[in-house]
Amino acid sequence: MILLLGTEITYLIGALAGGLDTGEECRNAGQAYDLAYHHEHFREFERWYPLHEKCNAGYDLAPAWANPTLIVLPSLAALCLAYSVRLAVIPCRTKTSRHLIWRVCGSR
């Protein structure tokens, strides 16, 4: 759950990198805001992934670490879920302690 929460926070940071006024945020970052570039590539900014909020062709307001993190955190969450399922299933398949098997799995 912590990994998924981290994913959500990372997505919000990346998606809201431009703030409400991208032009102003670009000026605050010391970059020129290229409106023609933004209009030409408007579909790129509407996608869910990868996150971009570019001022011009060479500068992106979205942090460079946001997109790789959006791959790593959900992948780790899926691995943790798979491992927890594995840990729950393994005692049911073990035949060393029948009492433990009966208590955990509910079968004889």
- Item | Of all residues making up segment 22-55, the number that are more than 20 Å from LEU70 (Cα to Cα), modelled with pLDDT of 85 or more and not in a helix (DSSP H, G or I) | 7
- Task: Take segment 4-19 and flag every residue that is open to solvent by 50 Å² or more (accessible area, probe 1.4 Å) and in contact (Cβ under 8 Å) with a residue 12 or more places away in the chain.
- Result: LEU4, TYR11, ILE13
- Check GLY19 against each of (1) part of a loop (DSSP other than H, G, I, E, B); (2) in contact with a Ser or Thr (Cβ under 9 Å, 6 or more places away or on another chain) and name the one condition it does not meet. (2)
- Message: Can you tell me which residue is least open to solvent (accessible area, probe 1.4 Å) among those in segment 20-59 that are touching a residue at least 12 places away in the same chain (Cβ under 8 Å) and within 22 Å of THR7 (Cα to Cα)?
- Response: LEU51
- Item | LEU76 touching a residue at least 40 places away in the same chain (Cβ under 8 Å) and either open to solvent by 60 Å² or more (accessible area, probe 1.4 Å) or more than 22 Å from the chain's Cα centre (by Cα) (or both) | yes
- Take ALA66 and decide whether it is aliphatic (A, V, I, L, M), exposed (fewer than 14 other Cβ atoms within 10 Å of the Cβ), closer than 30 Å to ILE2 by Cα and at pLDDT 90 or above. no
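The values are calculated or read from the model by the stated rules, or taken from the named source; none is laboratory data. Note that the structure is predicted; figures quoted are calculated from it, not measured. So basically every Cβ, Gly included, is an ideal-geometry build from the backbone, and we count neighbours across all protein chains shown. To get the accessible areas, we keep the full protein, side chains included, count just its heavy atoms, and leave off ligands, DNA and RNA. Shrake-Rupley method; radii C 1.70, N 1.55, O 1.52, S 1.80 Å.
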